[in-house]
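Beneath this line is the structure, given in structure tokens, with notes to follow.
The values are calculated or read from the model by the stated rules, or taken from the named source; none is laboratory data. Keep in mind that this is a model prediction, so the values were computed, not measured. Using ideal geometry, Cβ is built from the backbone for each residue, glycine included, and neighbour counts are taken over all protein chains shown. Remember, those area values only see protein heavy atoms, side chains included, never the ligands or the DNA or RNA. Shrake-Rupley method; radii C 1.70, N 1.55, O 1.52, S 1.80 Å.
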Amino acid sequence: MTTFDTAAPSTRSTPEVAVPRPAESVDLLEAPPGTPTLLPTLPGSAYTDPAFFDREVEHIVEGRWMCAVRTDEVAEVGQYRTVTIGRESVIIVRSSGGVRAFLNVCGHRGARVCTAASGQVKRTLRCGYHAWSYDLEGRLAGAPNLVKMPDVDRVAQGLHPVAVREWLGYAWVCVDEDPPSFDETVVQGATERVGGPAALEGYDVGALVLGRRITYDVAANWKLVVENFMECYHCATIHPELTAVLPEFTRGVAAQSGEAHGATFGARIEGFTVDGSPGFAALPGVGEDQDRRYYAATIRPTVFLNLVPDHVILHRMFPMAPDRTVVECDWLYAPDVIESGASIDKSVELFHRVNLQDFEACEITQPAMSSRAYARGGVLVPVEHHVADFHAWVLEQVGDAPSA
């Protein structure tokens, strides 16, 4: 696993805390009466088969809304970023009319229009092959000898548009010609998980600013990464720093095991930091019922949203191959925290350690996906049963899993 880390891990000791057992109406450690204790997973080939991965790319990565870039990275007219969405390179650029997105393909002979990951232009995006240029609304603006081709339709010969929406301070894109409802597939799914629109609005994520970004190149299938994030059966085993701050996680019950559940900080924990020390003032809209709690949501297909009182952590995953996933993790804070120059290292370090621990677990799992011992898959214990819903959703998008 390759990481680009701007904060070195601390050597501080982990605080010792008591482990409470929160009251719950349903004991998620036991299967409901009349249901099997163990549920089957997807077969191992679903994590290794190139043909199955291609179907996932076509129907999920390219067929759903993907969180592409932060809008403040394209804040000025002419600023652009390119991002890989499945088989496509997408240009996201700020025009005078707002954020626009296009396939990064010149309509003349198919060259990449933008070869850099980011940049800024004055008025046009220019292909470096034959100098065809496009305005920031995607129309063909100029080309050698274009005046001698009066029948050329500059709109029809423009860049291929991509659907784009702005939410939570990010530009989300869908390269499919017929995108699904953004509100139903993105907004509703996220808000339901954390307790409704008002619960999420209190964090005002779109008004936060980027404090730190770390990119991880994970040698594992994207579904292994999603499954890991959704469950906490592994937390007591590999996350000592996280369970010190959120001691109820030692039971294996994840924040996503049920809707609107926020894991409570330990009794002697003062902030969501690597050593439990104080963080920053709670975000202005965070209510008393949300204070000293951690909420999490998987926004299908590839976004993880983590909410704590004083900051937000957002992961964006980019499936690159059956056994490779790039994850960009952003730590977002109130503007005054970053402007003050205060150190954010302790809060960044906590989830950076969690990320490294999680991704290592995914990487030691990936090789076994091609083993005959895992040909028919594995099992989910009761506290992981909600992961079966994710498996069912994947199959609903792409059809049957590959044969064992």
Residues with amide H under 5 Å of residue 119's amide H, sequence separation 5 or more or different chain, H placed in the peptide plane at 1.01 Å from N; which?
-> 80
Lone cysteines, the chain (no partner Cβ under 4.7 Å) = 67, 114, 174, 329, 362
Taking a probe of 1.4 Å, how large is the accessible area per residue of the stretch 116-224, in Å²?
-> 50 Å²
Here are some values of semi-axes √(5λ) of the Cα gyration tensor in Å: (1) 35, 30, 19; (2) 32, 26, 21; (3) 39, 27, 18. Which one was computed from this structure?
-> (3)
Computed ³J(HN,Hα) along the stretch 284-294: with the Karplus parameters 6.51/-1.76/1.60, θ = phi - 60°, integer Hz and x for glycine or proline, the list is x, x, 6, x, 4, 6, 9, 5, 6, 9, 10
Among the lysines, which fall within straight-line cross-link reach of residue 223, defined as a Cα-Cα distance under 30 Å, with same-chain neighbours fewer than 8 residues apart omitted?
-> 346
Describe numerically, in nm with one decimal, the distance between label points set 7 Å from Cα along Cα→Cβ at residue 364 and at residue 260.
-> 3.9 nm
Cα pair count fraction exceeding 28 Å, expressed as % - the stretch 20-168 = 42 percent
The stretch 73-80 - phi-based ³J(HN,Hα) in whole Hz, Karplus 6.51/-1.76/1.60, Gly and Pro as x | 7, 10, 7, 9, 4, x, 6, 9
Convert each backbone phi in the stretch 95-104 into a coupling constant with the Karplus relation 6.51 cos²θ - 1.76 cosθ + 1.60 (shift: θ = phi - 60°), then list the ³J(HN,Hα) values in order as whole Hz, x for Gly and Pro.
-> 9, 5, x, x, 7, 10, 9, 9, 5, 7
What's the Cα-based Rg to Rh of the stretch 81-122, Rh via Kirkwood?
-> 0.96
Share of accessible surface on carbon and sulfur in the chain, whole %, 1.4 Å probe and ligands ignored, is 50 percent
Give the accessible area for residue 265 in Å² (nearest 10); use a 1.4 Å probe, count only protein heavy atoms, and leave out ligands, DNA and RNA.
-> 20 Å²
Using Cα centres only, tell me the gap between the stretch 266-326 and the stretch 43-114 in whole Å.
-> 25 Å
Helical segments meeting 27 Å axial Cα length and Kyte-Doolittle -0.5 threshold in the chain (DSSP H) = 345-365
Heavy-atom SASA rank of 340, 45, 347 (probe 1.4 Å, accessible area, largest first) = 340, 45, 347
Obtain the radius of gyration and the Kirkwood radius of the stretch 159-243 from its C-alpha atoms and give Rg over Rh.
-> 1.02
Please give the calculated 222 nm ellipticity per residue for the chain, where each DSSP H segment of at least 4 residues contributes -39500 (n - 2.57) and the sum is spread over every residue; nearest 500 deg cm²/dmol?
-> -5000 deg cm²/dmol
Taking a probe of 1.4 Å and leaving out DNA, RNA and ligands, the stretch 299-404 shows per residue an accessible area in Å² of 37 Å²
